[in-house]
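One structure is given below, encoded as structure tokens.
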Amino acid sequence: MGDNLPVNALAQLAALVAGLIHVMIFAMESLAFGRPPVQRTFGVAPGDLAAVRPWAFNQGFYNLFLAIGALGGLALLHTGSTVEGRTLVLFACGSMLAAAVVLIATNRRMLRAAAIQGLAPLVALVAALL
């Protein structure tokens with residue numbers, strides 16, 4: 001892909017979905033982590049909540065910042081900053097995908113979570129680089 005080429009529509013849609021998923025993960029980890037359904041989603045026993053909550057809160061913000069990168073990059077693409085927008089979208093999606101790979105590499109039982117976290121960024125990257 002040349003430096004001045006925009007990210008294609010499929011890549012943009014996948015990056016949008018990836019960004020929105022990561023906003024949702026932020027909300028779960030940083031805003032709603034104390035709720036029992038969210039704790040169950042992350043496999044946290046009620047007795048472990050006090051120990052795990054600060055880590056989840058921090059991790060949620062990592063996910064929010066990745067989402068801001070993908071969504072902000074898309075905004076740049078649509079306001080004429082093609083190179084900057086493409087760079088930001090690809091970096092954010094690459095980071096999301098790398099985090100999903102780390103998740104599955106460290107705990108094979110997290111395949112579903114890694115797929116939720118990593119499939120849309122993977123599609124965005126493949127579509128953008130083809």
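Which residues among segment 15-48 fall inside the zone where the amide N is under 12 Å from a point 7 Å beyond the Cα of residue 109, along Cα→Cβ? Counting only backbone N, you get 42-45. With the biggest extent put first, the Cα atoms of segment 57-117 measure 42, 21, 13 Å across the principal axes. In this label model, residue 65 and residue 129 are separated by 2.3 nm, measuring between points 7 Å along each Cα→Cβ vector.
Charge tally for residue 35 (other residues, Cβ to Cβ under 14 Å; Lys, Arg +1; Asp, Glu -1): +1. Computed extension length for residue 24-residue 102: 26.1 nm, one decimal, from 0.36 nm per residue of separation with the Cα-Cα distance subtracted. Per Stokes-Einstein, at 25 °C and 0.890 mPa s, what whole-number D in µm² s⁻¹ belongs to the chain, with the Kirkwood radius over Cα pairs as the hydrodynamic radius? Translational D for this selection: 162 µm²/s. Once all protein chains are placed together, residue 68 keeps about 100 Å² accessible to a 1.4 angstrom probe.
Sort the following peptides by mean Cβ neighbour count (other Cβ atoms within 10 Å, averaged over residues), highest first: 107-114, 88-95. Present the calculation step by step, with values, prior to reporting the outcome.
Details: 107-114: 13.0, 88-95: 22.2.
Ranking, from highest mean packing down: 88-95, 107-114.
The values are calculated or read from the model by the stated rules, or taken from the named source; none is laboratory data. Keep in mind that what you see is a predicted model, and the values were worked out from it rather than measured. As a convention, Cβ positions derive from the backbone with ideal geometry for all residues, glycine included, and neighbour counts pool all protein chains shown. Ligands, DNA and RNA are stripped out before the accessible areas are found, and what is left, the full protein with its side chains, is counted by its heavy atoms. Shrake-Rupley method; radii C 1.70, N 1.55, O 1.52, S 1.80 Å.
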